[in-house]
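Take a look at the structure set out below.
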Amino acid sequence: MSGIILGKNQYGKAENRLVRIYRDTPRHEIHDVNVSVCLRGDFTAAHLAGDQSEVLPTDTQKQTAYAYAKEKGLQSIEDYALTLARHFVGDVEPVLGARIEIEEYAWERAIVDGTEHDHTWVRKGQEVRTAAITVDGTDEWVIGGLKDMVILKSTGSEFAGFLTDPYTVLQPTHDRVMATSLVAQWRFTTTKVDWEATYIGVKAQLVKQFAVVQSRALQQTLYEMGKAVLETYPQIAEIRLSAPNKHHFVYDLSPFGLENPNEVFHADDRPYGLIQATVTRDDAPAPGPAWDLQRGWLG
């Protein structure tokens with residue numbers, strides 16, 4: 001009869017909602033984040049015998065995240081996460097690896113009498129910025145990204161010449177609305193990066209290619225988006241893109257005696273096509289545990 005052993009395991013404190021406000025000058029700055037911490041190491045005794053002597057409490061991880069926002073600062077989420085992960089691996093003896101995942105929620109200054117207000121903001125909802133940092137011993141991996149970036153163009157998209165079978169009813173089109181809620185993550189080859197400028201530039205490339213590519217398929221658009229990012233930023237090894245196709249179907253107005261030349265649509269939220277692609281350099285260094293996400297890692 002086969003034996004039973006403990007497999008992969010990890011633990012941490014997920015979704016610590018943290019807001020850091022800089023009040024050093026009359027013009028305040030805000031950073032609004034969601035921080036998830038995950039620690040890896042030999043925690044066999046905790047699982048097999050309930051021995052907690054090697055386990056740093058998840059509450060301590062939470063307290064450290066808040067304290068470091070003040071003590072070490074929180075400007076770029078990548079720098080903050082690297083500092084936090086290095087602490088857990090370097091200063092907590094049983095911890096061999098740490099994974100920090102962060103979502104950042106953007107705010108923009110309120111306009112009062114035509115002028116930006118010094119300490120009032122309005123939530124900016126274009127997308128959520130993300131970062132995932134892994135420190136394993138002396139090795140470090142950084143993944144930047146974004147999610148929930150809803151983007152749409154009213155033409156410049158086709159879908160025709162596709163495979164058909166007896167169950168195919170979809171009609172080909174050479175002029176359709178293309179829309180998605182984009183998720184993109186890109187892996188860096190170094191930690192010596194201007195994180196803020198790079199994020200702005202990557203986002204700009206993604207939007208530009210979505211707009212200018214005459215798309216014969218969403219797959220083609222994703223490849224061109226990823227290709228443009230890699231061509232612009234040599235410090236990025238690969239980019240992963242996930243794009244649900246937010247379908248817009250031309251609505252039949254003929255019962256009302258009206259023509260509808262691609263002007264009125266039904267925006268359908270489900271079911272939807274889900275297109276995913278990785279664009280990478282052929283000489284990209286091995287990713288190691290860079291993509292071992294905190295949630296879903298065990299799968």
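Which residues, counting only those in region 68-78, are touching a Ser or Thr at 6+ places or on another chain (Cβ under 9 Å) and either modelled with pLDDT under 95 or within 16 Å of residue 191 (Cα to Cα) (or both)?
So the first thing to find is which residues in region 68-78 are touching a Ser or Thr at 6+ places or on another chain (Cβ under 9 Å), and the list is 68, 72-73, 77-78.
The answer is 77, 78.
Yes/no matrix, rows are residues, columns are (1) at pLDDT below 95; (2) of a type in the set (A, V, I, L, M, F, W, C):
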{"site": "86", "(1), (2)": "no, no"}
{"site": "98", "(1), (2)": "no, yes"}
{"site": "111", "(1), (2)": "no, yes"}
{"site": "137", "(1), (2)": "yes, no"}
{"site": "142", "(1), (2)": "no, yes"}
{"site": "157", "(1), (2)": "no, no"}
Conditions (1) open to solvent by 20 Å² or more (accessible area, probe 1.4 Å); (2) touching a His at 6+ places or on another chain (Cβ under 9 Å); (3) aliphatic (A, V, I, L, M); (4) in contact (Cβ under 8 Å) with a residue 24 or more places away in the chain: number failed by residue 178: (1)
Go through the residues of region 9-21 one by one and say whether even a single one is within 23 Å of residue 121 (Cα to Cα), among the basic types (Lys, Arg), free of Cβ contacts under 8 Å to residues at least 40 places away in the same chain and surrounded by fewer than 19 Cβ atoms within 10 Å (Cβ to Cβ). yes
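Residues that are free of Cβ contacts under 8 Å to residues at least 60 places away in the same chain, crowded, with 18+ Cβ neighbours inside 10 Å and aliphatic (A, V, I, L, M): does region 63-73 have at least one?
First, the residues of region 63-73 that are free of Cβ contacts under 8 Å to residues at least 60 places away in the same chain: 63-73.
Those left that are additionally crowded, with 18+ Cβ neighbours inside 10 Å: 64-65, 68-69.
If we keep only those that are aliphatic (A, V, I, L, M) too, we end up with 65, 69.
Yes - at least one qualifying residue is present in region 63-73.
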For region 133-161, the count of residues that are in a strand (DSSP E or B) and more than 27 Å from residue 189 (Cβ to Cβ) equals 6
Could you tell me whether residue 203 is among the basic types (Lys, Arg), out of contact with any strand residue (DSSP E or B) (no Cβ under 9 Å at 6 or more places or on another chain) and touching a residue at least 12 places away in the same chain (Cβ under 8 Å)? no
Can you confirm whether region 249-271 contains a residue that is free of Cβ contacts under 8 Å to residues at least 24 places away in the same chain and among the hydroxyl-bearing types (Ser, Thr, Tyr)? yes
Out of all the residues in region 48-58, which are touching a residue at least 24 places away in the same chain (Cβ under 8 Å) and either open to solvent by 70 Å² or more (accessible area, probe 1.4 Å) or in a loop (DSSP other than H, G, I, E, B) (or both)? 48, 54, 55, 56
Given (1) modelled with pLDDT under 95; (2) within 23 Å of the chain's Cα centre (by Cα), index of the condition residue 170 fails: (2)
Filter pass, residue 45 being more than 29 Å from residue 128 (Cα to Cα), among the hydrophobic types (A, V, I, L, M, F, W, C) and assigned to a helix (DSSP H, G or I): yes
Mind checking which residues of region 262-288 are in a loop (DSSP other than H, G, I, E, B) and surrounded by 15 or more Cβ atoms within 10 Å (Cβ to Cβ)? 287
Only one of (1) more than 30 Å from residue 124 (Cα to Cα); (2) open to solvent by less than 60 Å² (accessible area, probe 1.4 Å); (3) small (Gly, Ala, Ser) is not met by residue 3, so which one is it? (2)
Going through 78, 104, 93 one at a time, which residue ends up being among the acidic types (Asp, Glu), outside any helix (DSSP H, G or I) and either surrounded by 15 or more Cβ atoms within 10 Å (Cβ to Cβ) or in contact with a strand residue (DSSP E or B) (Cβ under 6 Å, 6 or more places away or on another chain) (or both)? 104
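Okay, residues lined up against (1) modelled with pLDDT of 95 or more; (2) in contact with a Leu (Cβ under 8 Å, 6 or more places away or on another chain); (3) farther than 30 Å from residue 13 by Cα:
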position: 189; (1), (2), (3): yes, no, no
position: 219; (1), (2), (3): yes, no, yes
position: 243; (1), (2), (3): yes, yes, no
position: 283; (1), (2), (3): yes, no, yes
position: 291; (1), (2), (3): no, no, no
Checking residue 249 against (1) open to solvent by 70 Å² or more (accessible area, probe 1.4 Å); (2) assigned to a helix (DSSP H, G or I); (3) in contact with a strand residue (DSSP E or B) (Cβ under 6 Å, 6 or more places away or on another chain), the condition it does not meet: (2)
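The values are calculated or read from the model by the stated rules, or taken from the named source; none is laboratory data. Small disclaimer: the values here were computed from a predicted structure and weren't measured. Neighbour counts are summed over all protein chains in view; Cβ atoms, including those assigned to glycine, are modelled from backbone coordinates with ideal geometry. All accessible areas refer to the heavy atoms of the entire protein, side chains included, with ligands and DNA or RNA removed. Shrake-Rupley method; radii C 1.70, N 1.55, O 1.52, S 1.80 Å.
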